[in-house]
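The values are calculated or read from the model by the stated rules, or taken from the named source; none is laboratory data. Here the structure is a predicted model, which is why all the values come from computation and not from measurement. Ideal geometry is used to build each Cβ from the backbone, glycine not excepted, and the neighbour counts take in all protein chains shown. Side chains included, ligands, DNA and RNA excluded: accessible areas come from the protein's heavy atoms. Shrake-Rupley method; radii C 1.70, N 1.55, O 1.52, S 1.80 Å.
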Amino acid sequence: MSASASATARRLAAAALAAGALVSVVTLPASAADHVRPQRPKVEISKVQYDSPGREDRSQRSLNKEWVELTNTTRDRVNLDGWTLENSDGYTYTFHHYKLDGRATVRIHTGEGRDTRNDLYLDRRNYAWDNHSDSATLRTDRGRLVDEETWGRNRNHHGGGHHH
């Protein structure tokens with residue numbers, strides 16, 4: 001092999017090695033991204049009706065016009081078993097054997113009623129949410145804060161919900 005052919009072969013080999021190194025650097029972030037943990041299901045407090053419309057007479061009709069809505073913003077069903085919804089006085093509702101479908105909303109009413117896929121009931125005989133100042137806090141079965149909606153004094157929203 002001539003000296004010029006040998007030099008050309010070395011240049012080609014060096015170029016191939018450099019190209020290979022460049023490809024591995026470029027593909028590294030993509031392969032690293034494949035190992036990122038999937039995003040946790042996103043459930044948020046989407047609406048709160050803390051001031052029951054009409055006369056507040058503690059009737060079931062009035063109590064059930066007070067509610068909190070949760071919305072699953074993902075396509076996947078989320079198991080809410082053991083999750084809690086709590087007011088600032090410490091009253092806690094615990095979800096039992098309930099799964100919220102993807103892109104679905106469930107309304108949690110204060111009074112008594114028959115639970116369905118779209119409506120759950122706290123079965124209280126008194127209002128759960130203070131009209132002037134309160135907060136609704138949603139936590140997982142392990143106590144991790146999912147969302148919180150606060151209204152009145154010291155209003156401070158920590159999640160994706162809105163009060164109405």
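Filter segment 28-51 down to the residues that are small (Gly, Ala, Ser) and modelled with pLDDT under 95 and list them by number. First the steps, then the outcome.
First, the residues of segment 28-51 that are small (Gly, Ala, Ser): 30-33, 46.
Passing the criteria: Ala30, Ser31, Ala32, Ala33.
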Legend entry - Residue list for segment 61-91, restricted to those being part of a helix (DSSP H, G or I) and either touching a residue at least 60 places away in the same chain (Cβ under 8 Å) or surrounded by 15 or more Cβ atoms within 10 Å (Cβ to Cβ) (or both): Ser62, Leu63
Inset, instruction - Give the residue that is most open to solvent (accessible area, probe 1.4 Å), with candidates limited to residues of segment 108-123 that are touching a residue at least 40 places away in the same chain (Cβ under 8 Å) and in a loop (DSSP other than H, G, I, E, B). - result: Glu112
Legend entry - So Asp51, is it more than 22 Å from the chain's Cα centre (by Cα), on the phi < 0 side of the Ramachandran plot, without any contact (Cβ under 8 Å) to a residue 12 or more places away in the chain and open to solvent by 30 Å² or more (accessible area, probe 1.4 Å): no
Legend entry - Among residues of segment 142-164, those that are modelled with pLDDT of 95 or more and surrounded by 15 or more Cβ atoms within 10 Å (Cβ to Cβ), counted: 6
